[in-house]
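Some notes on the structure that comes next.
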Amino acid sequence: MTRPPARLLRFFLAALILTGALAYGRTRSAPDLVAPIQEIFPESQQVELHRGIHHVYGEGEGLLGWVGAESADGYGGPMLLLVGIDTLGQVAGVRVVEQRETPVFWRMVRAPEYFRGIQGSPFDSIDYTYQNVVAVSGATISADAIVGSIRASVAEVAGVAFDVRLPLPSKPFEVGVLELTILLLVAVGVVGRR
């Protein structure tokens, strides 16, 4: 019985590790959104997901508003933000559910000031410039992610709840983890074959 070459074993081990990492990333549990939604709408009693947005109901008051949940890639990785819009069409609040920025960097980005600045604004007149988000040089990627998440959440809620189409900026072609993994696997296969 002949032993397979060491290179071939390393290739299969690398492919197995990458496949496992991708599977874990795709199947890890989603964050609980009820607590942050209740922070946005403190009088909420029930949250239901319909047509991609969360409908928030109070005890006897009926519908309180809607919450959109969208993510975008910051400097440290994906960040998930919630944007609540009340039944009058005003931003009720913004909450960060997940972010992977370093703690020092995240504090310097000063996102809460931006969130307070748009709270109470009508959904169709939000200032999406991020000068209020950027506090340090190099925070542009994270600021773009914050503003992009807010913009996508507001557009989603506006489309479902108010039947208003808000323009979204077109996304440039980006190379993500999945594309890099596939490229790496192809490169390892080519090198392993030689």
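For segment 57-114, the dipole from Cβ point charges (+1 on Lys and Arg, -1 on Asp and Glu) about the Cα centre works out to 280 debye, to the nearest 20. Two tests apply to each whole DSSP H helix in the chain, Cα reach of 27 Å or more along its axis and mean Kyte-Doolittle hydropathy of at least 1.0, and the ones passing both are 6-27, 140-161.
Rg and Dmax of the chain, both derived from C-alpha coordinates alone, stand at 21.3, 76 Å. Surface composition of the chain: carbon and sulfur atoms hold 58% of the protein heavy-atom accessible area at a 1.4 Å probe. Taking the average, over residues, of other Cβ atoms within 10 Å as the packing measure, peptides 7-17, 72-82 rank 72-82, 7-17 from highest down. Using a 10 angstrom Cβ neighbour count of at most 14 plus a DSSP loop assignment to flag exposed GluC sites (Glu not before Pro), which longest range of the chain is free of such sites? So the longest stretch without any such site is 62-173.
Our estimate of slack between residue 164 and residue 63, defined as 0.36 nm per intervening residue step minus the Cα-Cα distance, is 34.5 nm.
Here each label is just a point 7 Å from Cα along the line to Cβ, and for residue 182 and residue 125 those points are 4.5 nm apart. FRET efficiency for the pair residue 6 and residue 107, taken as 1/(1 + (r/R0)^6) with r the Cβ-Cβ distance and R0 = 41 Å, rounds to 0.30. Accessible surface area normalised per residue over the chain is 63 Å², counting heavy atoms of protein chains with a 1.4 Å rolling probe.
Helix-only estimate, please: 222 nm mean residue ellipticity of the chain, summing -39500 (n - 2.57) across DSSP H runs of length 4 or more and dividing by its residues, to the nearest 500.
When only DSSP H runs of four or more count, the value is -14000 deg cm²/dmol.
The values are calculated or read from the model by the stated rules, or taken from the named source; none is laboratory data. This is a predicted model, so every value here is computed, not measured. Using ideal geometry, Cβ is built from the backbone for each residue, glycine included, and neighbour counts are taken over all protein chains shown. Ligands, DNA and RNA are stripped out before the accessible areas are found, and what is left, the full protein with its side chains, is counted by its heavy atoms. Shrake-Rupley method; radii C 1.70, N 1.55, O 1.52, S 1.80 Å.
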